[in-house]
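Report on the following structure.
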Amino acid sequence: MRAWRNEITTIGLLLIIITIIGGVSGHFIPLLFLLMFAIIIHQMIHISRFERWIRTGGRGKYPRGKGIWEEIYYHVYRLRKNEKRRKNKLSAMINQFRQSTEALPDAAIVLGANDEIEWANKAARTVFGLQSSDKGQRIPNLIRFPDFIKYLKAKNYKSSVVLPSPVDNKIILEIRIVPYGVDLRLLIAQDVTQLKKMERMRKDFVANVSHEMRTPLTVLRGYLETLLDMDDKLSPMLTSSFIQMQGQTDRMQHLVDDLLLLTRLETQQRKTQCVDIPALLSQIHSEGISLGSLPERLLLTIETKAHIVGEEQELRSAFTNLVSNAIKYSPENSPINITWRQNKNYITLSITDQGEGISKYDIPRITERFYRVETKRVKKVNGTGLGLAIVKHVLMRHDGYLEIQSELGKGSCFSCHFPSGRICN
Ligand code: ADP
């Protein structure tokens with residue numbers, strides 16, 4: 001502001017001098033032109049010096065100027081100095097970030113819009129066997145596993161894919177892609193060898209224990225049946241003990257059967273065929289009635305005759321579990337609707353009851369193994385806590401998913417959604 005005032009005062013003074021000299025000599029107009037001309041030349045010299053300084057990058061100390069030019073030079077110089085400081089800070093941050101990602105135990109690769117490698121850390125170079133010359137190469141040309149290529153193409157970045165390392169197939173990697181910025185993605189690979197080994201050990205252990213328990217249980221059940229047949233009912237205590245023992249061995253049998261089924265679901269290959277779901281549901285419906293449910297309680301509605309590709313035994317287990325849960329967890333006279341219907345993208349089996357319902361807190365947990373909701377029920381309800389875990393697994397193996405809608409005290413609706421691509425008739 002002060003510089004501008006000085007500038008204007010100088011021009012004002014020059015004008016007064018010109019007016020006085022012009023008035024005395026009688027050459028006011030030529031003198032005025034002369035003054036204008038001198039001012040323009042003066043400003044042009046400064047503009048040219050400024051342009052030369054900026055053109056050469058505005059480096060070093062700025063040229064000396066006077067008045068407003070001194071101010072302009074000073075402001076530009078200060079801006080450049082701040083910018084330089086910010087740039088240094090930023091590059092130090094980038095360096096620090098690079099060093100930390102370089103030291104990460106997980107492999108990280110930055111992918112460009114066409115899946116080309118833009119940058120990879122040390123762990124990525126090791127587990128994927130990448131060379132520095134691979135920069136710019138498309139990742140599907142280097143990691144050629146079909147599952148990985150399918151994952152990359154699907155662009156469903158919520159999931160992950162598990163693969164062996166291309167350099168050592170004993171190392172198991174869990175690969176996940178995280179999108180960020182514009183068209184950039186970060187591929188992260190974590191070594192899950194130990195985790196997979198432990199998982200395998202757990203599965204083997206459960207499978208072996210369940211398998212080994214089958215024979216003693218069969219023997220026990222056989223003897224108990226014989227004892228109950230031979231029981232002359234003379235001692236009520238003995239009779240009640242036999243009945244209790246039978247109840248407990250039955251429970252144990254269910255548990256072992258469910259555990260073995262879960263292990264099979266986790267480990268065995270599927271043998272798929274076109275399954276007639278309406279016929280399967282009719283069977284389950286009749287079994288439900290023969291198990292003691294009133295015929296008017298179980299209402300079966302077949303809206304579509306669609307069959308789906310799948311494994312019949314697995315689907316039977318899943319649907320039976322859902323129907324028997326609806327029977328177990330709702331009053332004896334309340335209706336249960338079983339509906340098979342189709343919409344644009346999905347084909348759905350829904351089982352709706354008007355039973356005790358499930359709280360919001362429990363809904364996300366009831367598909368976990370052994371999770372049972374602790375409610376004060378009038379009648380004790382037996383169960384293993386494995387039924388819904390089986391349902392979830394079966395649906396996953398059929399590319400479907402389980403939807404649970406429920407309200408405490410009002411009832412529940414369990415829906416099994418299958419993609420319509422599975423329809424086979
Ligand atoms: P289980 O029935 O053998 O206990 P599940 O895995 O089938 O095991 O079910 C887990 C829990 O979810 C059950 O213990 C029960 O509390 C709850 N549940 C399942 N189905 C229903 C239903 N239709 N209505 C209310 N609660 C249910």
Report summary line: Most exposed to least, judged by fewest other Cβ atoms within 10 Å, Thr19, Thr9 sort to Thr9, Thr19
Requested in this report: Work from the charge dipole of the chain (Cβ charges, +1 for Lys and Arg, -1 for Asp and Glu, about the Cα centre) and give the residue of Ala389, Ser160, Gly421 farthest towards its positive end.
Outcome: Ser160
Report task. Using the 4.7 Å Cβ rule, please list in number order the cysteines from the chain without any candidate partner. Result -> Cys413, Cys416
Report task. Calculate, for Ser286 and His211, the FRET efficiency according to 1/(1 + (r/R0)^6) with r their C-beta to C-beta distance and R0 30 Å; round to the nearest 0.05. Result -> 0.40
Report summary line: Given 4 °C, 1.567 mPa s and a Kirkwood radius over Cα pairs, the Stokes-Einstein diffusion coefficient of the chain in µm²/s is 43
Report summary line: Quick note on Met237, Met93, Met245, ordering by fewest other C-beta atoms within 10 Å, gives Met237, Met93, Met245
Query raised in the report: Can you give the calculated 222 nm mean residue ellipticity of the chain, where each DSSP H run of n ≥ 4 adds -39,500 (n - 2.57) and the sum is split over every residue, rounded to the nearest 500 deg cm²/dmol?
Result: -18000 deg cm²/dmol
Query - FRET efficiency, 1/(1 + (r/R0)^6) with R0 22 Å, evaluated for Lys81 and Leu35 via beta carbons - result: 0.05
Query raised in the report: Tell me, which longest segment in the chain has none of the GluC sites (Glu not before Pro) that fall in DSSP loops with at most 13 further Cβ atoms within 10 Å?
Result: 1-295
Query raised in the report: Considering only Cα-Cα distances, which of the following residue pairs are longer than 21 Å: Lys135/Lys170; Lys61/Lys87; Lys305/Lys344?
Result: Lys135/Lys170
Query raised in the report: Among the trypsin sites (Lys or Arg not before Pro) within region 16-61, which fall in a DSSP loop and have no more than 10 other Cβ atoms within 10 Å of their own Cβ?
Result: Arg59, Lys61
Report summary line: Expressed in nanometres to one decimal, the distance between label points 7 Å along Cα→Cβ at Lys155 and Lys196 is 2.8
Query raised in the report: So which of Lys360/Lys392; Lys155/Lys203; Lys203/Lys392; Lys196/Lys392; Lys150/Lys271 end up more than 24 Å apart by C-alpha?
Result: Lys155/Lys203
Query raised in the report: By how many nm would the segment from Val309 to Asn343 grow when fully extended, if each residue of separation counts as 0.36 nm and the alpha-carbon distance is taken off?
Result: 10.5 nm
Report task. Evaluate the distance, in nm, between pseudo-label points positioned 7 Å from the Cα of Met44 and of Val162 along their respective Cα→Cβ axes. Result -> 8.0
Query raised in the report: If R0 is 30 Å, what FRET efficiency do you get for Thr56 and Ile8 from their C-beta distance, rounded to 0.05?
Result: 0.45
Report summary line: If the chain between Ser132 and Gln96 were fully extended at 0.36 nm per residue, the gain over the current Cα-Cα distance would be 10.9 nm
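All of the numbers you see were taken from the coordinates with simple rules; none came from a lab. Please read all numbers here as calculations on a predicted model, not as lab measurements. We place every Cβ from the backbone using ideal geometry, glycine too, and count neighbours over all the protein chains shown.
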